[in-house]
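The next block holds one structure in the form of structure tokens; read it before the comments.
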Amino acid sequence: ALAVTVPGRHGERDPAAVAAVVLAARSAPGSAPTVEPSAAGQRMEFSRVRAGGQDVVVARSDRPFPMPSGARTLTAASTNLWVARRGELTVVCVNWPTPLLLASRLPADQLLDVALQQEQ
């Protein structure tokens, strides 16, 4: 299990999967693992892409990613699509059809576009 956690809003801890993606996005390019065995039992595959001149960390999983404290849903009826800020980073989650979690310095709308491109 992943031991590192990233504080959310008001000192709350993010779910381990979210913390792992934020940590990878803050690390130097090329240093993110291609496969993280698990974060709190959730297997993830990491990759990096470039968009808008910024690195984007993309994590894929076979299970939906949990929504952290302070995140906001982008659809009224579901937590399948949410966005959160962690300092300088934007974190976007698309939990359907394939669970994807992305983190970057890009604004949320651009990061959502990257997520949709990853689904194709």
Q: Just rank Phe65, Phe46, fewest to most, by other beta-carbon atoms within 10 angstrom.
A: Phe46, Phe65
Q) If we count every other residue with Cβ under 12 angstrom of Asp62's Cβ, Lys/Arg +1 and Asp/Glu -1, where does the sum land? A) +2
Q | Amide H partners (placed H, <5 Å) of Leu74, local residues excluded | A | Leu81, Trp82, Val83
Q) Which ³J(HN,Hα) values, rounded to whole Hz and listed in residue order, are derived for the stretch 79-94 from phi using the Karplus coefficients 6.51, -1.76 and 1.60 in 6.51 cos²θ - 1.76 cosθ + 1.60 with θ = phi - 60°, glycine and proline given as x? A) 9, 6, 9, 9, 9, 9, 10, 10, x, 7, 9, 9, 10, 10, 10, 10
Q | Cα centre as origin, Lys/Arg/Asp/Glu Cβ charges: the stretch 61-120 dipole, Debye | A | 240 debye
Q. Tally Lys/Arg at +1 and Asp/Glu at -1 over every other residue whose Cβ is under 14 Å from the Cβ of Cys93; what's the total?
A. +3
Q. Can you give the relative contact order of the stretch 72-111 as a percent, counting alpha carbon pairs under 8 Å and 6+ residues apart?
A. 28 percent
(Q) Could you give each residue of the stretch 68-76 its phi-based ³J(HN,Hα) in whole Hz, using Karplus coefficients 6.51, -1.76, 1.60 with θ = phi - 60°, and x for Gly or Pro? (A) x, 4, x, 6, 10, 6, 9, 10, 5
Q. What is the set of long-range amide H partners of Leu100 at a cut-off below 5 Å, with H atoms built 1.01 Å from backbone N?
A. Val94, Asn95
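Values in this text are rule-based calculations from the coordinates and carry no lab data. Everything quoted here is computed from the prediction, not taken from an experiment. Virtual Cβ from ideal backbone geometry, glycine too; neighbours counted across all protein chains shown.
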